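Nothing in this text is a laboratory measurement; each read-out follows from the coordinates by a stated rule. Keep in mind the model is a prediction, meaning the values are calculated, not measured. All Cβ positions, glycine included, derive from the backbone under ideal geometry; neighbour counts span all protein chains shown.
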Amino acid sequence: MQSNRHVVYILKDSSARPAGKGAIIGFIKVGYKKLFVLDDREAHNEVEPLCILDFYIHESVQRHGHGRELFQYMLQKERVEPHQLAIDRPSPKLLKFLNKHYNLETTVPQVNNFVIFEGFFAHQHRPPAPSLRATRHSRAAAVDPTPAAPARKLPPKRAEGDIKPYSSSDREWGLPQGW
């Protein structure tokens, strides 16, 4: 997991006593991935956002607030807002969860398995904002309290002339004459 830059957050119920060690309630796996995503104008963007790779809460304890507790903890530790995440193959349950707790409903259609929500591009590559406490105490401050996702430096884009399109007509098929 270290080589993939993935992190797993685990929620454990210490009061459960199977073998005296407690019980795992659920987990969320996150990591940075380089993605090619489309914005609302269908322009291609190369980004490396924090991605939700897996999220699970045991069925016997769902709808008790454990999923929100775990998700909130991850957001706080990763210093990211929900709309800044890319989600790998979200289940219908996860999409309903995100809509209910974070008002994430409008998605930006993608050609890959990731889902991003409206607002994904709004705060990309911004410096971290001051804490909410500092913003609340300074009424004159016109600072957006939304923390930015940690920016990842990507390689510079190549000029259009350097890109060589691939086409089946460029290949030699070795077909006999007359075909």
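When only Cα pairs below 8 angstrom with a gap of at least 6 residues are kept, segment 8-71 shows a relative contact order of 31 percent. Shown here for segment 1-101: trypsin sites (Lys or Arg not before Pro) in loop regions (DSSP other than H, G, I, E, B) with at most 12 other Cβ atoms within 10 Å, namely K21, K34, R41, R63. Taking amide H atoms as placed 1.01 Å from N in the peptide plane, list the residues 5 or more away in sequence, or in a different chain, whose amide H sits under 5 Å from that of Y32. Those qualifying (amide H under 5 Å, at least 5 residues apart or on another chain) are C51.
Across all directions, the shadow cast by the convex hull of segment 6-115 built on its C-alpha atoms averages 7.5 square nanometres. Here segment 65-87 is scanned for amide nitrogen atoms under 20 Å from the site 7 Å beyond the Cα of A122 along Cα-to-Cβ, giving 72, 75-76, 78-87.
Pairs from the list K29/K96; K33/K96; K21/K93; K33/K93 with a Cα-Cα gap above 26 Å: K21/K93.
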